[in-house]
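The values are calculated or read from the model by the stated rules, or taken from the named source; none is laboratory data. Just so it is clear, the structure is predicted and the values come from calculations on it, not from any experiment. Here the Cβ positions follow ideal geometry from the backbone for every residue, glycine too, while neighbour counts run over all protein chains shown. Heavy atoms of the whole protein, side chains included, go into the accessibility calculation; ligands, DNA and RNA do not. Shrake-Rupley method; radii C 1.70, N 1.55, O 1.52, S 1.80 Å.
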Amino acid sequence: ENYMGKKLMLAVALVALMAAPAFASVQNVNVGGDLKTTSVIRNNFTNAGLSVGQDSQNVILSQIGLNVQADLTDNVSTTLRLNNERIWGPETSTNTDIKLDAAYVTMKEMLYSPLTVVLGRQPLVYGNQFLIGDVNTYGAADVSTVSDLTGGVNADAIKAILTYDPLTVDLFAAKISTGTPSTTALNGDDDADLYGINANYKVGDSMNTVLEAYTFAKFDKEVATTTTKTKKLYVPGLRVSTNPIEGLNVQLEGAYQAGNDADNVTISAYGLQAGVNYALPVMKNMKPVLSAGYTYLSGDKNTGDNKDTSFDSLYENQNSGRIFDVVATSTSNIKIATIAAEVTPIQDVTTKLSVYNLNLVKKGTANARVGNEVDLDVTYAYTEDVKFGLSAGVFYPGKNFAEHQKELTQVLTSVNVMF
């Protein structure tokens, strides 16, 4: 028995010795995460993402994330994020799902020093997320009625980053979706793929001007059959950010879209966005900030002709948590003007009042995209790791908003813990 015990100890020692080189390659491991709990109260949201006929909503959304990052040797690191999203209530097969939110490897100075390669499920975020920011939103059936508040913005992609300070160039290819190959699909393929090149250049002048030029391309075979075409969308664009005086930031972005849809209709559309943000040089202890913005997304002039001028917002991520983002789909044929005022009345408490005005570009083509919204957001930083939030809003439907006549209201209260 003693002999067997010695053999067992020897075997364990050998395994540990053999495994030692594998563990030695890990230089540093960081484990953290976040836990966010949001109370959602909504009224007069009939058929706007809720169950058919449901008018009001009173639920609590739980979002839990676990992050693990490991630094390896030779400029290699890995990142993993798991999360769970569910509505409070009885346990079901869907609300206990653990999803893979991110899993990618970063290899710096690959082949030569300016090149970094990132491979796997990763975030793709560019500029103000006017077009690319929420690439692959997911949500279990359990949270479908609050899908506008859920996470999962990452996509499976390979990205090459070329750093030539002050110029940074990103090139990426992402698999947005995959379908089951079908005999009715074009070449048996019904995937959707996204490609892009994004160049960010810091001019280095006294106004801290930044120029960002990009071209994105999406090839969507999900609707392509043996009798239709692959939808091809090409989107060149430019963003400029500058600070003409202290405390004032001005940004302007424009994008043009060309290509063809599944019926081989020519696409020719454009979108514009302007923003101004000014930190007032008064009452500096309260940090007052005024901001204004304007978004223009072209609409289709004449449906049924051989030209589509409706803008495709692709994977924008700018208005999450706003009522109009749920009930007035703002991806095309829309003009959005906003003004906002932000102030910190007491230490660790930030308040922001925002007003939105939405109008159609081409009236009569869609009736669910017009109205005004007022939102009040309050954030309290209880500690560096714990934040409380309150967002209260009301949406006033316009004349073309035929489905809803009453004002739509919502109150979101949240507790966000980082660890």
**Study point:** Two-site label geometry, Leu171 and Trp88: point separation in nm, points 7 Å out along Cα→Cβ
**Key:** 5.1 nm
**Study point:** Label-point separation, Thr228 to Gln347 (7 Å along Cα→Cβ), nm
**Key:** 6.0 nm
**Study point:** Accessible area of Asp325 in the full protein assembly, 1.4 Å probe (Å², nearest 10)
**Key:** 50 Å²
Exercise for review: Would you kindly state how much longer the chain becomes between Val378 and Phe419 on full extension, computed as 0.36 nm times their sequence separation minus their alpha carbon distance, in nm to one decimal?
Suggested key: 12.6 nm
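Using the Cα centre as the reference, give the magnitude of the dipole from point charges on the C-beta atoms of the stretch 80-172 (Lys, Arg: +1; Asp, Glu: -1; all else neutral), rounded to the nearest 20 debye.
In total the dipole reaches around 200 debye.
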Exercise for review: Run the quick spin-label model on Asn302 and Asp385: label points 7 Å from Cα toward the beta carbon, then report their separation in nm to one decimal.
Suggested key: 6.4 nm
Check your understanding: At a Förster radius of 30 Å, what calculated FRET efficiency corresponds to the Cβ-Cβ distance of Leu211 and Asp55, to the nearest 0.05?
Key -> 0.05
Point to revise | Accessible-area ranking of Tyr164, Tyr126, Tyr278, largest first, probe 1.4 Å | key: Tyr164, Tyr278, Tyr126
Check your understanding: All other residues with a Cβ under 10 Å from the Cβ of Gln318 taken together, and with Lys, Arg as +1 and Asp, Glu as -1, what is their net charge?
Key -> -2
Review point. How much length is gained on full extension from Tyr270 to Ser39, taking 0.36 nm per residue of separation minus their Cα-Cα distance?
Key: 79.4 nm
Study note, to complete from the structure: 1/(1 + (r/R0)^6) with r = Cβ-Cβ of Lys284 and Gln69, R0 = 45 Å, i.e. FRET efficiency to nearest 0.05, evaluates to 0.75
Study note, to complete from the structure: Links exceeding 32 Å between C-alpha atoms in this model, out of Lys221/Lys399; Lys287/Lys363; Lys36/Lys202; Lys232/Lys335; Lys36/Lys231, come to Lys221/Lys399; Lys287/Lys363; Lys36/Lys202; Lys36/Lys231
